[in-house]
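A.B. asks: One structure, pasted below without further comment.
The values are calculated or read from the model by the stated rules, or taken from the named source; none is laboratory data. No experiment lies behind these values; they were computed from the predicted model shown. Don't worry about glycine lacking a Cβ; one is built from the backbone with ideal geometry, like all the others, and counts go over all protein chains shown.
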């Protein structure tokens, strides 16, 4: 993880997010997000806005479904964006997904665009 953090801060944040959610630690995950963050996940039919929306998404779709996320690949797109391919398992079954993660200038997640393969 230290090598990831040193080489690409967005990648380190993605790994920290996945680790927090695999521990079902909402507070640790929320600390990674800007207060104006957006999560757009068409598979849910919704866009989740600001801290309240992000919290709702994490509680419902990660904690509520006992989702465990395994990182399959992680690519830095530029200094503020990364693309993660992930394997999700939980009460819903199994899915492979893509998380496009963007960070703001303060180093917080400002946006996640999620999709399923």
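A.B. asks: Modelled with pLDDT under 95, surrounded by fewer than 15 Cβ atoms within 10 Å (Cβ to Cβ) and part of a strand (DSSP E or B): is that true of residue 77 in this structure?
C.D. replies: yes
A.B. asks: Give the residue that is nearest to residue 43 (Cα to Cα), with candidates limited to residues of the stretch 84-101 that are free of Cβ contacts under 8 Å to residues at least 60 places away in the same chain and under 10 Å from the mean Cα position of the chain (by Cα).
C.D. replies: Residue satisfying both the conditions and the ranking: 98.
A.B. asks: Filter the stretch 4-24 down to the residues that are farther than 15 Å from residue 88 by Cα and within 13 Å of the chain's Cα centre (by Cα) and list them by number.
C.D. replies: Passing the criteria: 10, 11, 12, 13, 16.
A.B. asks: Looking only at the stretch 97-117, which residues are part of a strand (DSSP E or B) and over 15 Å from residue 84 (Cβ atoms)?
C.D. replies: 110
A.B. asks: Would the stretch 47-67 turn up any residue that is over 13 Å from the mean Cα position of the chain (by Cα), modelled with pLDDT under 95 and at positive phi?
C.D. replies: Scanning the stretch 47-67, I find no residue that is over 13 Å from the mean Cα position of the chain (by Cα), modelled with pLDDT under 95 and at positive phi, so the answer is no.
A.B. asks: Would you confirm whether any residue within the stretch 1-21 is over 19 Å from residue 106 (Cβ atoms), at pLDDT 95 or above and part of a loop (DSSP other than H, G, I, E, B)?
C.D. replies: There is no residue in the stretch 1-21 that is over 19 Å from residue 106 (Cβ atoms), at pLDDT 95 or above and part of a loop (DSSP other than H, G, I, E, B).
A.B. asks: May I pose another question? Just one of (1) modelled with pLDDT under 95; (2) in contact with a helix residue (DSSP H, G or I) (Cβ under 9 Å, 6 or more places away or on another chain) trips up residue 70, so point out which.
C.D. replies: So residue 70 meets the others, but not (1).
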